[in-house]
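Taking it in order: structure first as structure tokens, then the write-up.
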Amino acid sequence: MPGQKKSSKKQILKFTIDCTVLVNDELLDTASFEKFLGDRIKVNGKAGQLGDAVKLSRDTNKVFVAAAAPFSKRYLKYLTKKYLKSFQLREYMQVIASD
């Protein structure tokens, strides 16, 4: 219909990575995990240049990711596994994605 306007508002996807068990056991630091994600998340094929597309924040036990719409939960799961692997924790921890 010619009279309608398309809304150009982008959908923002919000993800929460809960690291409570790892932080309580002093196996993981959320600050270093947030820095790892900031350095490794790719936006338009370039790692580390998040711009306005991805916003990272953290709490004492959680890391929050807010991203513009094409962004995959599976990609965050992949990066989390990669981070755990770098500390040889991958074989002892299981990364679970919930809705």
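The values are calculated or read from the model by the stated rules, or taken from the named source; none is laboratory data. A quick note: this is a predicted structure, and the numbers were derived from the prediction, not measured. Just the protein is used for accessible areas: all its heavy atoms, side chains included, with ligands, DNA and RNA removed. Shrake-Rupley method; radii C 1.70, N 1.55, O 1.52, S 1.80 Å.
If you count only protein heavy atoms with a 1.4 Å probe, what accessible area per residue comes out for the chain, rounded to a whole Å²?
Numbers: 7560 Å² over 99 residues.
Computed with neighbouring chains in place, this is 76 Å² per residue.
Both numbers refer to the Cα atoms of the chain; Rg and Dmax are 15.9, 60 Å. What is the angle, in °, between the Cα long axis of helix 73-86 and the longest principal axis of the Cα atoms in the chain? Nearest 10 is fine, range 0 to 90. Computed tilt is about 30 degrees. Per-atom-type breakdown for the chain gives carbon and sulfur 50% of the accessible area (1.4 Å probe, protein chains only). Straight-distance candidates among the lysines for linking to K10, with alpha-carbon spacing under 16 Å and chain neighbours fewer than 8 residues away dropped: K55.
Considering only the Cα atoms of segment 15-57, their convex hull presents on average a projected area of 3.2 nm². When restricted to Cα atoms, segment 55-99 yields an Rg and a Dmax of 11.7, 32 Å, respectively.
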